[in-house]
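The values are calculated or read from the model by the stated rules, or taken from the named source; none is laboratory data. What you see is a predicted model; the values in this text were computed from it and never measured. Cβ placement follows ideal geometry from the backbone for every residue including glycine, while neighbour counts extend to all protein chains displayed. Ligands, DNA and RNA are stripped out before the accessible areas are found, and what is left, the full protein with its side chains, is counted by its heavy atoms. Shrake-Rupley method; radii C 1.70, N 1.55, O 1.52, S 1.80 Å.
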Amino acid sequence: MAYRKTPAEISRLEAARDHLVVRATEVVAEVGWAQASVTAVADAAGIAAGSVYQHFPSKAALAVEVFRRAAGREVEVLGEVLHGPGDPVGRLARGTEVFARRALENRGLAYALLAAPAEPAVGAERLDFRRRYRALFAAVVREGIAAGALPPQNAEITAAALTGAIGEVLVDPLAAPDENATEALLADLTGTALRCAGAPAT
């Protein structure tokens, strides 16, 4: 008869795996994907390097899980803002600001998610999450068009332009931060997003 883990064992393993992912995320935020070796992550988690492979078959698999969890949280927050209360143009502005502000408040991790050199498996995840961001922006743009707050346009193209522009604008500030310029950057980026969607000037 095959051995089955008890609920207590499963719970312990899940907690250990979660702890490992949290520590790996912290290491990636500090040193980037390339330097986040299995040994570095294991040291941060307080375990032997070999123990990492009890939870993940490879460094790439661990990196993908780190990316999915961190990027997934950003998609969740952006979705809450873009689909929250208020008019579509206001939500578009708030969504842009919230996404950018969160990135600038956690620069190391945001740079890792957006631009830092990474393994191909992480690159594939980036493409998938860009599609998720685009879908969120496209939905609010379509709402704006339907409400007459935005001019007729291809919402998918606008959303792709917004996703690409926001990421590109943030790359340099994340890599070489200037704390004094944060609020001006956020205002400029939000204004650019609204112009991209054709929102009337205020």
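Below is a table of values for the structure above.
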quantity: Highest average packing first - 94-103, 183-192, Cβ atoms within 10 Å; calculated: 94-103, 183-192
quantity: Calculated from backbone phi, Karplus (6.51, -1.76, 1.60) coupling profile of the stretch 16-28 in Hz, x at Gly/Pro; calculated: 5, 5, 4, 4, 5, 5, 4, 5, 5, 4, 5, 5, 4
quantity: Gyration tensor (alpha-carbon) shape descriptor, the stretch 84-139, a/c threshold 1.5; calculated: oblate
quantity: Rounded, prolate or oblate (a/c below 1.5 giving rounded, otherwise prolate when a/b exceeds b/c) for the stretch 119-202 by Cα gyration tensor; calculated: oblate
quantity: Percent RCO, i.e. relative contact order, over the stretch 18-143, from Cα pairs under 8 Å lying at least 6 residues apart; calculated: 33 percent
quantity: Estimated Rh, the stretch 13-100: Kirkwood, alpha-carbon pairs, angstrom; calculated: 14.5 Å
quantity: Convex hull projection area averaged over all views, the chain, Cα basis, nm²; calculated: 14.4 nm²
quantity: For the stretch 155-202, radius of gyration divided by Kirkwood radius, i.e. Rg to Rh on alpha-carbons; calculated: 1.03
quantity: Exposure rank, largest accessible area first [His19, His83; 1.4 Å]; calculated: His83, His19
quantity: Sites matching GluC sites (Glu not before Pro) across the stretch 99-164 that sit in DSSP coil, with at most 13 neighbouring C-beta atoms within 10 Å; calculated: none
quantity: Whole-Hz couplings from phi, Karplus 6.51/-1.76/1.60, listed for the stretch 137-151; x for Gly and Pro; calculated: 5, 4, 5, 6, 5, 4, 4, x, 5, 4, 7, x, 8, 10, x
quantity: Global geometry of the stretch 1-40, whether rounded, prolate or oblate, following the gyration tensor of its Cα atoms and the 1.5 cut on a/c; calculated: prolate
